């Protein structure tokens, strides 16, 4: 059996493209590799991805000879070059891990959908990106044999917006890496606080700075929370994405400049320490297909205040406090409630750790292999 995995969106650079889908690709490959092996699976990466990256060591890796880190080049490579390679190499199944597969693919495809925000929140995307995703995901929906949705919410959106039948979609939750756990070494945590200039108590938000993540709504809620007596500063971490320009101006307009820090991109290696150091993790996104930062924060035992929209209630369950992301008063109430109640924070910490245990990359990999088998109509892939 010869399976191909299109990992052109995998990135290890310190910028916003290393979050989200790149993390999904990296973790999926790291756990699929030992099950498939280089004889069974070829991974196609961009020219800026090291072929000896830890997630790729168990796979056969091929680098594109074009600068596919540029969106237009990547799209042309996927649609024009990749089908030729698949046919030449007699690939029997292609996994396209981000919404779109090559329309002329000569083999069956499994396609992962992380969300349908480009339909549901079109104003959160620039026009070119929105039109590309809407058009090509519709075509892919008609062409692919099997689909993966990262939550039940995403599956229902796929059925409603793309007309894909429910029985062709497997819900496979994202996982939480083992590195996300309560930090037992308190001295290490204090050294981290000192190195980053962090106070004993603060609110953390970690996400790509883009309209969908609703940083504007969080800032408005934070300003209201301060009027109600909250003294903890707000730390906003994440790479700059599209449409981030209003953030700095709003911080000044709300009069919270002395209490807000924008620390930029945070590497995966450091993220567990950021979560552990925080008193509260806030994630008021307007729409999420899964919401991996929420699951990771819960795994670290950090109390969570999250949006009550899309998949987030599905992920958080009763392990966090949910609020309307478009209601700054309600969001401020949630922040004040959690910050002012030690017993509630302890209870949410315990619940969050337990809740996060159901999200594992190992289980995601097993379920992904089953999706491959279903797509091919076989009971075994015949791999190592």
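The values are calculated or read from the model by the stated rules, or taken from the named source; none is laboratory data. None of the values given here were measured: they were computed from a predicted structure. Methodologically, a virtual Cβ is constructed for each residue, glycine included, from the backbone with ideal geometry; neighbour enumeration extends over all protein chains shown.
Computed quantities for the displayed model
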| item | result |
| --- | --- |
| Residue in the range 97-109 that is part of a helix (DSSP H, G or I), crowded, with 17+ Cβ neighbours inside 10 Å and more than 19 Å from the chain's Cα centre (by Cα) present | no |
| Single unsatisfied condition, residue 221 versus (1) closer than 30 Å to residue 11 by Cα; (2) modelled with pLDDT of 95 or more | (1) |
| Single condition residue 167 does not satisfy, out of (1) over 29 Å from residue 357 (Cα atoms); (2) free of Cβ contacts under 8 Å to residues at least 40 places away in the same chain; (3) more than 24 Å from the chain's Cα centre (by Cα) | (1) |
| Of all residues in the range 302-314 being surrounded by fewer than 24 Cβ atoms within 10 Å (Cβ to Cβ) and modelled with pLDDT of 95 or more, the one that is nearest to residue 156 (Cα to Cα) | 314 |
| Qualifying residue in the range 218-228 (condition: part of a loop (DSSP other than H, G, I, E, B), surrounded by fewer than 22 Cβ atoms within 10 Å (Cβ to Cβ), assigned by TED's automatic domain parsing to the domain that holds residue 286 and at negative phi) | yes |
| Selected residue (only one of 50, 83 is over 21 Å from residue 363 (Cα atoms) and part of a helix (DSSP H, G or I)) | 83 |
| Within the range 130-208, strands (runs of 3 or more DSSP E) holding 2 or more residues that are closer than 19 Å to residue 289 by Cβ, in contact with a helix residue (DSSP H, G or I) (Cβ under 9 Å, 6 or more places away or on another chain) and not assigned by TED's automatic domain parsing to the domain that holds residue 313 | 146-149, 169-171 |
| Filtered residue count, the range 231-261, keeping only those that are in contact with a strand residue (DSSP E or B) (Cβ under 8 Å, 6 or more places away or on another chain) and at pLDDT 90 or above | 10 |
| The lone exception for residue 302 - which of (1) under 25 Å from the mean Cα position of the chain (by Cα); (2) outside any helix (DSSP H, G or I); (3) farther than 18 Å from residue 275 by Cα; (4) in contact (Cβ under 8 Å) with a residue 24 or more places away in the chain it fails | (3) |
| Members of the range 346-360 found to be surrounded by fewer than 18 Cβ atoms within 10 Å (Cβ to Cβ), under 17 Å from the mean Cα position of the chain (by Cα) and in a helix (DSSP H, G or I), listed by number | none |
| Residue within the range 12-33 that is in contact with a strand residue (DSSP E or B) (Cβ under 8 Å, 6 or more places away or on another chain), crowded, with 18+ Cβ neighbours inside 10 Å, assigned by TED's automatic domain parsing to the domain that holds residue 159 and more than 25 Å from residue 146 (Cβ to Cβ) present | yes |
| Odd one out for residue 61, checked against (1) more than 23 Å from the chain's Cα centre (by Cα); (2) touching a residue at least 40 places away in the same chain (Cβ under 8 Å) | (2) |
| Hits in the range 35-54 (condition: within 23 Å of the chain's Cα centre (by Cα) and under 16 Å from residue 368 (Cα atoms)) | 43 |
| Set 317, 291: member being buried (at least 18 other Cβ atoms within 10 Å of the Cβ), assigned by TED's automatic domain parsing to the domain that holds residue 196 and at positive phi | 291 |
